[in-house]
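The values are calculated or read from the model by the stated rules, or taken from the named source; none is laboratory data. The structure displayed is predicted, hence computed values, not measured ones. Using ideal geometry, Cβ is built from the backbone for each residue, glycine included, and neighbour counts are taken over all protein chains shown. With ligands, DNA and RNA removed, areas are computed over all heavy atoms of the protein, side chains included. Shrake-Rupley method; radii C 1.70, N 1.55, O 1.52, S 1.80 Å.
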Amino acid sequence: MRKSLSGGTVAQQPEQVPARRSKIVPPEQADARLATMGLSVDKIHRAVIAGDDARGRVSSPYYPRNFAGITMWAETLAGLRRQLLKLRRGWRIGSTGNYETAYSSERQLAFAVVSGDSYTGIDGARDPKLTRRRGPKTKERVRRNAVFGQLALDLELPRALDGLPADEACSTWFLVLHPEDDMVRVELSLPVQVGDDGLVGDWIERILIPPVPVTGAVAPIERNEDDDDGEDPMVTRPA
């Protein structure tokens, strides 16, 4: 029991679930927000289409069952890198610790490609979670996102970057993809915490991207390794 404002007592209410912390940028505002990061909806769509096209070419039964998903991840990342490096504005390929990104030291931004659950790309009942447990390199980067956000307010960010490789001295944003029957849902989001279940599901900001139409049924596929950073298989066509 606890005292009410009138001096009486009231029953203690159950603890409330904390309010969602992420800022959500709706699809109609995505281009304007992405422009501040050197990106656009078109560039992201082109990267996803490159990944999906390549995945379709290796979806026959002759390939290992998870190869289409690995190809989707690799070709989407490669498509994003090609477009950013073509701009000649300081974008580079990051791979420190085998953690694959496109990054800009000038902008202090890095982008990685990952797969998300069915809440990806929409303003739903909850924020999305990634579809597999993350390894130590992802956890380091997610923790650093939270630290960077706080230090930036205190103007201490340069000191926090001392000694880090260039591709890690950045906030790491996730290009999150979720395939459905006739589309791939997409968002570019900044993670801030890895949950006790090992899944990333807490975000500072989520930029919702209009979905990318695809032809044919697709389904997510998980890796067997629970805590392994590396290839992130996204989707594969059913056998």
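Assorted remarks:
Table: residues versus (1) open to solvent by 30 Å² or more (accessible area, probe 1.4 Å); (2) assigned to a loop (DSSP other than H, G, I, E, B); (3) closer than 24 Å to Glu205 by Cβ.
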{"position": "Gly38", "(1), (2), (3)": "no, yes, yes"}
{"position": "Asp42", "(1), (2), (3)": "yes, no, yes"}
{"position": "Arg46", "(1), (2), (3)": "yes, no, yes"}
{"position": "Ile49", "(1), (2), (3)": "yes, no, no"}
{"position": "Ala54", "(1), (2), (3)": "no, no, no"}
{"position": "Ser59", "(1), (2), (3)": "yes, yes, no"}
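- Residue check for Gly69: of a type outside the set (A, V, I, L, M, F, W, C), assigned to a helix (DSSP H, G or I) and open to solvent by less than 40 Å² (accessible area, probe 1.4 Å): yes
- Looking at Gln150, Gln193, just one residue is modelled with pLDDT under 85 and open to solvent by 40 Å² or more (accessible area, probe 1.4 Å), and that residue is Gln150.
- Here is the figure for the stretch 84-107: residues that are farther than 11 Å from Glu168 by Cα and polar (S, T, N, Q) total 1.
- Scanning the stretch 18-36 for residues that are open to solvent by 20 Å² or more (accessible area, probe 1.4 Å) and under 15 Å from the mean Cα position of the chain (by Cα) gives Lys23, Ile24.
- Number of positions in the stretch 78-136 that are in a strand (DSSP E or B) and surrounded by fewer than 18 Cβ atoms within 10 Å (Cβ to Cβ): 2
- Ala78 among the aliphatic types (A, V, I, L, M), without any contact (Cβ under 8 Å) to a residue 40 or more places away in the chain and under 29 Å from Asp202 (Cβ atoms): yes
- From Asp232, Asp202, residue being in a loop (DSSP other than H, G, I, E, B) and either modelled with pLDDT of 90 or more or among the acidic types (Asp, Glu) (or both): Asp232
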